[in-house]
1. Can you pull the accessible area of ASP444 for me, 1.4 Å probe, Å² to the nearest 10?
2. Using 0.36 nm per residue, how much length does the chain from GLN540 to LEU552 gain when fully extended, once their Cα-Cα distance is taken away?
3. Can you pull out the GluC sites (Glu not before Pro) in region 105-145 whose DSSP state is coil and whose Cβ has at most 16 other Cβ atoms within 10 Å?
4. Calculate the spin-label point distance for ARG403 paired with ALA527, positioning each point 7 Å from the Cα along the beta-carbon direction, and give it in nanometres.
5. Excluding ASP298 itself, calculate the net charge of residues whose Cβ lies under 12 Å from the Cβ of ASP298, where each Lys or Arg counts +1 and each Asp or Glu counts -1.
6. Cross-link list LYS58/LYS82; LYS235/LYS399; LYS58/LYS163; LYS245/LYS399: which exceed 25 angstrom alpha carbon to alpha carbon?
7. What residues of region 497-518 lie in the reach of a label at THR322, counting those whose backbone N is under 18 Å from a point 7 Å from the Cα along Cα→Cβ?
8. Using DSSP to call loops (not H, G, I, E or B), can you name the trypsin sites (Lys or Arg not before Pro) in region 52-113 whose Cβ has at most 16 other Cβ atoms within 10 angstrom?
Amino acid sequence: MLLPKLISTPRFHSNKFLNVLIIGALASVTCPSFAAETTVVAGVAVATPVSTLSPNDKVGPVSLRDDTVAQVLDILQKWTGKTVLRPQALPPNLYTLNLPVGATRAEALLAIETLLNLNGVAVIQQGDRFLKVVPNNVAKSESPSLIMESTLNLPSSGRVASKIFVLKHANGQEVVAQIASMLNATLATPPVYFGRNNAILVTDSIMNLQKIETLLNQLDRPQLDVVATKMYSLKHAIATDIVNKLTTLLRSPAQTAGAPFRLSTGTSFTADERTNRIILIGSADQHSFFDNLIETLDATADPNTMTDVIFLRHANATEVATLLTQLITGQTKATTTATGGRAAATGTNRNSTPATNNAAPAAAAANASATQNGADEFSSMTTVLADIRSNSIVVSGTKDDLRLLRQLIDKVDVVLPQVRVEVVIAEVTLKDEDTSGIKALGLDVSSGKLIGVSSTFGGGTLAGNGSAFATLAAGNDLTGIIALSTTPTKTDTRILSVPTITTTHNKEATIFVGESRPVITGTQSTAGTSGLVSSSTVSQRDIGIQLKVLPLIGKDGSVQMQVTQQVEDILGQVTLDGNLQPIIGRRSTDSFVSAKSGEIIVLGGLQRTQSLNDANRLGPIPFLGDLLGSSTKSTTRTELVIFMRPYVLNNSAVDNINAINRINATPIGEEVKKVINPSPAEPVNK
């Protein structure tokens, strides 16, 4: 590509035909200071005639109607006296032109050249004897002139040239976007922006360059005549924080469909950290707006976070702290996922480890600049710690965090419902025709609940059925209802244990009836002076009846219980390392039953079979007595039947009726009542 050459064109004045002026929009712009210095020169043609032809000669009249470009170029060659050089292909347009009789040569050449330019054809002066005619999109590369002076001093024409406009105040990028639509589209040459110098290079006709220069002379001006500076000294807030808030409020794009709030051109606000002041530069008519806004933002504010201690009345501090920490952590993870992981950079270190040494908190919030996302969400500054010593929760966070934590703790820190479970463990000896202990006792059991009985049996009696039995069962002692003997007998049924346990919702309770025996759990041999010496490891083994109950208490008074039964008894003995060890038999079941408060549950199925040998000796000599006497073998089947009655406690005097009845049945009942319920006249002696 050829480099543009510098030219200096002499001023040419004409006050006659076809003066080319600036576009109408620019004609309305006034600039007194600039008008006094520069005057737009009337237009002349690029194609000047040879010296032998006078520009003032009359050449009219001229009338062209739908003529070809070749005919127009012939006229151009005739009026200039120069040879026209042209390429093979030019825009195939038809030309129409009417000139009056008094038109001069200069005016006619300007009209012809303008008409060619409007049809995408440019005329370039090539020395003194030639004119070069090319399409407009080629003219830009055919050595256009680079104009260094003002284009307003040049004759207005269609000659293609380049000019650099250096801007002092306006933004070059904004100017490029605005003037792009003003350029000649056939040249297809967009402006070039030079960011380092804030300058733009424009290639176009002299006429368009004059329009652009006139426009930039009006726009490229300092705005200091309407700019005022104001300082704001802050009392409570930090200057940098206020500036960040102002930027978010006034500079960020609008998030809604409405038009965004916009400041006037040249408005800026800067924080002076040394003096904690805000420097505002902008139009004076905006000062009242900033006065009110900054005064509102520069208000006293409570600390971002605070710490409080919440004492628990019923719940366990460690369990509550663990629950709250899991809730806060889960909410934070959900928020992070929903926002595409943006919260990952502001991770929070929450610690719910109990503070066992004077509740000294060991964890703190990891992100001090977190924001509250919503009224029902925890911030990332929330910390929860348990103090075991005082059974309290130490919490830290924003006001909303503490409010949410107090609401949750109030709902969790409640008295859990309690249940008293009365148990009767009976052993029933089964006959050959009995398939179970429940059948042997004549019990009417449905879904594990006792709904009626009508039978008598060895060791006890049961009576009642239907609603009458339910009424009987509601307020009486369980052993009284089933009327079983509580002492061992030789009859078919005997009571093994009558325990009563009290526990809370979802808290397992255990009943054990039996004995503890030493059992060898390991043997070790070591070398001694007299040979190997054996030593055994002995531990205590509980052998008997174990009952575990895990209750779930409903709001309607119903009780669901997971009942685990395990029975271990000694079946015989075996010698291990010279020591007799018991042979332990085990029977176990795992049930899940549901009943209302006061209903009786019957569990059975734990059977055992024993074989017995009975010898009838004759004579004092054992061998002869066994040989001559008679012997019998018998098999005995037994089954454990467990009666359970859950009774939901509601913290009223009715809950104690059963216990008082049991106390009254003891020989020391009256003495106990005096201790636990003394009258005002009879104080308890301590």
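The values are calculated or read from the model by the stated rules, or taken from the named source; none is laboratory data. What you see is a predicted model, and the numbers here were worked out from it, not measured in a lab. No Cβ is skipped: glycine too gets one built from the backbone with ideal geometry, and neighbour counts run over all protein chains shown. What goes into the accessible areas is simple: the full protein's heavy atoms, side chains included, and nothing from ligands, DNA or RNA. Shrake-Rupley method; radii C 1.70, N 1.55, O 1.52, S 1.80 Å.
1. 80 Å²
2. Result: 1.0 nm gained on full extension.
3. Passing both the DSSP loop test and the Cβ count: GLU142.
4. My value for the distance between the label points is 8.1 nm.
5. Combined, the nearby Lys, Arg, Asp and Glu give 0.
6. LYS58/LYS163
7. Hits in region 497-518 for THR322 at 18 Å: 504-509.
8. none
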